[in-house]
């Protein structure tokens with residue numbers, strides 16, 4: 001291998017930017033990076049690389065078997081051991097369970113604009129809805145008074161509780177929607193599903209995951225980075241947020257190098273690079289400049305040589321040079337100046353030099369073992385948080401749970417001691433079974449040979465044994481040749497098999513298997529082993545919860561990496577609008593309106609997005625939610641329309657909140673309807689009673705009227721009778737009067753007659 005140069009220190013970090021931009025500065029920095037990582041076998045970083053190789057072999061059940069041969073052999077000699085040395089795949093089973101459960105969990109990136117403009121808009125929109133809620137009772141009252149029905153509204157919040165839930169579930173600004181769509185598209189283009197699987201596998205195997213995110217002329221790039229090839233500065237932070245440099249060692253061919261570097265190197269320089277790697281990386285031991293022709297295309301034999309490339313970046317703080325100048329209107333203007341600029345001493349307006357410190361990333365690709373570097377300089381398309389443009393983000397998203405002194409232990413590493421013991425127990429079981437004798441018999445030949453057949457013949461000892469094995473009957477002699485009684489059983493069974501020792505080995509096997517479950521948290525419920533028949537459902541759920549808690553660190557690490565990648569992608573989306581080529585591709589995919597929501601802000605105000613990774617409900621959570629929904633529907637506490645809406649909410653916490661809210665609202669509505677029905681019934685009963693009273697009153701009135709009419713009739717009759725009586729009395733009186741008159745007249749007439757008669761008589765006498 002090429003000689004590793006030892007560098008005592010990094011180049012001067014306070015050097016001017018002009019010096020930092022020189023390739024010699026970059027080469028010096030990259031050499032020191034590589035020296036720290038590779039130069040000393042005792043360094044932590046070198047041990048880490050060796051350890052990662054070991055852990056990955058164990059994770060796949062491919063660890064070397066020599067250590068087991070050494071432990072099983074006598075004085076180092078296992079020539080006569082006829083054993084199957086194949087590794088028992090215990091660790092792969094547990095790793096597959098963990099990786100499978102984590103990769104099956106879906107996540108969604110939720111964007112929330114947190115810049116002042118977006119925050120104010122969110123608040124204003126919320127207050128508008130709150131005002132509508134406050135005005136609702138007045139509008140209803142006004143509608144009732146005016147007899148004008150309110151216009152049918154949408155499913156808008158009616159209470160403060162509904163408003164908070166609405167803002168969580170349904171409220172989205174156009175920029176937030178565009179960001180979420182853009183991030184989802186970037187993840188899809190870069191095959192995030194495959195990247196995430198490899199990251200999760202690394203977190204389980206070696207307890208470290210890394211991803212590189214970048215912006216180039218092709219758009220947003222996201223790719224997996226093997227932590228084994230990753231070089232970083234020292235850090236105590238598990239998320240590596242304070243590292244000052246990062247890079248990765250890659251092996252590429254001279255042909256690939258030509259594609260990357262192009263005309264930055266001459267053919268003579270490519271040949272010199274190839275010569276450095278002659279005899280290394282399985283390259284030919286003798287350098288050759290032979291020209292090869294393939295379909296008329298000329299190439300060199302050394303184009304196939306493999307070289308080591310350090311693709312790296314480092315952070316530095318550069319001083320920017322500006323002049324702040326007052327203008328005639330009392331304001332100030334700021335203009336960029338050269339590094340040697342000095343404000344004039346005499347000026348009509350006040351001038352001052354301003355030198356803010358700005359974080360910069362320098363990047364390049366160094367061919368290890370040489371003095372050649374290419375693509376070196378200030379990193380293109382540096383991504384800066386909109387809230388602090390003096391800061392800049394690196395390309396790498398890294399996380400290592402429980403990091404201490406740049407070291408930690410993975411789940412696989414925790415399993416190795418017990419896995420080794422299981423492997424030894426397995427080999428000893430093989431050895432024991434190989435040495436185990438089958439069951440046999442001890443036969444006293446003298447008592448069974450020469451036994452009479454009864455026909456003058458005798459049985460041989462083997463014949464007697466055959467009869468015993470086939471029929472269970474045993475023919476033997478009780479007396480020996482001298483006539484003495486034999487005090488022995490002719491045939492005795494001999495115990496065989498491994499016996500107690502095999503049981504002890506099985507107990508040891510299960511013991512170490514349980515220890516693996518203890519250190520990983522992968523119990524029988526999680527790994528698919530059949531739980532006890534009498535195991536309660538609640539106990540099984542608790543066991544599953546304990547398992548999930550044991551692997552939570554891996555899940556949190558993955559979410560941290562995904563969140564950082566999403567945040568970097570969000571910043572890249574805003575910068576992407578500067579490039580027409582890749583920008584057009586995003587327009588075609590997510591729509592012109594969404595991209596304009598992002599692009600318009602670059603000239604108006606900077607968007608700052610807060611990101612969170614939301615875990616989509618798993619099958620268990622969906623099942624529990626569905627049970628709650630079905631129970632609520634069965635108890636007539638939830639509408640079918642509400643159930644459909646709740647099932648569509650991907651956040652299980654918010655889904656449960658919505659279930660509680662809709663259930664409460666529906667119960668209140670039912671209670672209100674019941675109260676209205678009761679009131680209506682009461683009104684109907686009251687109306688019925690009133691109608692009955694009115695009917696009774698009418699009847700009574702009619703009765704009274706009838707009685708009155710009867711009385712009136714009677715009175716009329718009586719009156720008529722009285723009048724008739726009176727008339728008769730009058731008539732009687734009149735009649736009497738007439739009679740009296742007649743009597744008087746008659747009397748008068750009689751008197752007159754008498755008087756006449758008397759007169760006549762008196763006259764005649766004269």
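Structure notes:
- All Cα pairs of the stretch 636-685, percent lying beyond 15 Å: 52 percent
- Comparing Cα centroids, the stretch 629-647 and the stretch 185-217 end up 40 angstrom apart.
- Highest average packing first - 366-374, 624-632, Cβ atoms within 10 Å: 366-374, 624-632
- Listed peptides 132-143, 242-253 by packing density, highest first (mean Cβ within 10 Å): 242-253, 132-143
- Take each peptide in 14-24, 206-216, 185-195, 689-699, count the other Cβ atoms within 10 Å of every residue, and average; sorted highest first, the result is 206-216, 185-195, 14-24, 689-699.
- Alpha-carbon centroid distance for the pair the stretch 677-714 / the stretch 48-73, whole angstrom: 104 Å
- Oblate is the label for the stretch 184-261. Its Cα gyration tensor axes, ordered a ≥ b ≥ c, give a/c of at least 1.5 and b/c at or above a/b.
- As a proxy for reagent exposure, 277, 123 were ordered by neighbouring Cβ count within 10 angstrom, fewest first; the result is 123, 277.
- Counting neighbouring beta carbons within 10 Å and listing from fewest to most, the residues 361, 85 come out as 85, 361.
- Packing-based exposure ordering (other Cβ within 10 Å, fewest first) of 564, 69, 315: 69, 315, 564
- With all projection directions averaged, the alpha carbon convex hull of the stretch 168-216 covers 5.2 nm².
- The stretch 366-428: C-alpha gyration tensor shape, a/c 1.5 cut-off, then a/b vs b/c: oblate
- Estimated translational D of the stretch 189-326 in µm²/s (Stokes, Kirkwood radius over Cα pairs; 37 °C; 0.692 mPa s): 176 µm²/s
Here, each number is a calculation from the coordinates, and none is a lab measurement. Keep in mind that this is a model prediction, so the values were computed, not measured. Methodologically, a virtual Cβ is constructed for each residue, glycine included, from the backbone with ideal geometry; neighbour enumeration extends over all protein chains shown.
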